[in-house]
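Everything on this sheet refers to the single structure shown next.
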Ligand SMILES: Cc1cc2nc3c(=O)[nH]c(=O)nc-3n(C[C@H](O)[C@H](O)[C@H](O)COP(=O)(O)OP(=O)(O)OC[C@H]3O[C@@H](n4cnc5c(N)ncnc54)[C@H](O)[C@@H]3O)c2cc1C
Ligand code: FES
């Protein structure tokens, strides 16, 4: 497919975007609603990421957290950990930042049509998965059963609490939540324990189920083992990898694992592919 000069430019040169809204998600994460200043749409696929630049500070890869089925704005959920992300957290509505992309392959949406979807999100992993959850909700008739398992360290770290409550009110999504620990003075309706403790209660038809898993690297090995135990095939287990990235487009090699560039060939891979990449350590 021919790529227009305009879309090539947006891969190399940051386009300016305006911050429309900033909302706290937890103590460390904020949700940013953005819109391109030239009025163009981001035109991303669920699971893709953008390179976000704060003028004069630097650039960082961040997953798009909203679905392309929503309006012409888009959302990024960002945890403040270093120079760029802390500078992002200081931005206010009306401020400007730079966006390159979208980059990466995203989730294989057309292959997921008609499938039952088992979302497994650990901590901030809900940010990229939310894009696909929203997409599946907006096109609900095109997907089978939807189950979301969401685990975080403690109740105060749970992201998108209001939206999860809305999803819970729907009859067509099953939601199970866990926290590693819960302070005695906090009321919590979910499970206490790591996310894999939810799996015995998961009821799926493995031949028609794809698992979409995003979370901290330590979670992957254990979640994959549970998915395999449920009978989900290796190529039906999708994982999004996070690696140090610079260019986002297969030039610099920062994100390389063996013969694969995570920015270009991923960040979404199926477990069949990953099990052949020795250095992926999944
Ligand atoms: C494809 C992709 C999607 C991402 N999506 C999101 C998202 O939706 N929301 C979000 O908050 N973050 C996301 N990240 C992580 C985010 O890119 C990093 O936190 C950010 O680059 C840190 O930049 P900084 O300048 O603020 O911190 P730095 O000053 O660069 O680093 C701060 C600390 O974080 C560590 N660090 C930075 N980047 C990484 C990394 N990729 N892996 C492991 N450790 C790292 C550094 O070693 C250092 O200890 C994503 C990363 C990738 C590769
Ligand atoms: S980030 Fe440069 S090659 Fe992937």
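Computed from the coordinates by the stated procedures, all read-outs in this text should not be read as laboratory data. Quick caveat: nothing in here was measured; it's all calculated off a predicted structure. Virtual Cβ from ideal backbone geometry, glycine too; neighbours counted across all protein chains shown.
A few remarks follow.
- Considering all C-alpha pairs of the chain, those separated by over 36 Å amount to 12%.
- Helix 126-138 and the longest principal axis of the C-alpha atoms of the chain enclose an angle of approximately 80°.
- The fraction of all Cα pairs in the range 200-258 landing in successive 5 Å bins from 0 to the largest distance is 4, 17, 22, 17, 14, 10, 8, 5, 1, given as whole percents.
- Over the chain: helical MRE at 222 nm, DSSP H runs n ≥ 4 each giving -39500 (n - 2.57), nearest 500: -6000 deg cm²/dmol
- Based on Cα contacts under 8 Å between residues 6+ apart, the range 214-262 shows a relative contact order of 27 percent.
- Ascending count of other beta-carbon atoms within 10 Å, so fewest first, for 124, 237, 175, 146: 175, 146, 124, 237
- Separation in nanometres of the label points that stand 7 Å from Cα toward Cβ, at residue 197 and residue 156: 2.0
- Summary value for the chain: 17 percent relative contact order, contacts being C-alpha pairs under 8 angstrom separated by 6+ residues.
- Ascending count of other beta-carbon atoms within 10 Å, so fewest first, for 169, 86: 169, 86
- Among 81, 224, 194, residue whose mean-square fluctuation peaks in a GNM of the chain (springs only between Cα atoms under 10 Å): 81
- For the range 163-222, the direction-averaged projected area of the alpha-carbon convex hull comes to 5.6 nm².
- Principal-axis tilt of helix 217-229 within the chain, Cα atoms, nearest 10 degrees: 40
- For the range 37-169, the ratio of Cα radius of gyration to the globular rule of thumb 2.2 N^0.38 Å stands at 1.10.
- Beta bridges assigned by DSSP with both partners in the chain are antiparallel in approximately 55 percent of cases.
- Relative contact order %, the range 129-282, counting alpha carbon pairs below 8 Å whose residues are six or more apart: 16
- For the range 50-96, the equivalent ellipsoid built from the Cα gyration tensor has semi-axes of 20, 12, 9 Å, listed from largest to smallest.
- The translational diffusion coefficient of the range 187-234, from Stokes-Einstein at 10 °C and 1.306 mPa s with a Kirkwood hydrodynamic radius over alpha carbon pairs, comes to 134 µm²/s.
- For the range 133-207, projected area of the alpha-carbon convex hull averaged over all directions, nm²: 5.7
- Highest-fluctuation residue, 232, 257, 195 considered, GNM on the chain with Cα pairs under 10 Å: 257
- Residue 258/residue 221 FRET efficiency (R0 25 Å; Cβ-Cβ; nearest 0.05): 0.85
- Bins of 5 Å, starting at 0 and running to the largest distance - Cα pair percent for the range 137-268: 2, 9, 15, 18, 18, 16, 12, 7, 3, 1, 0
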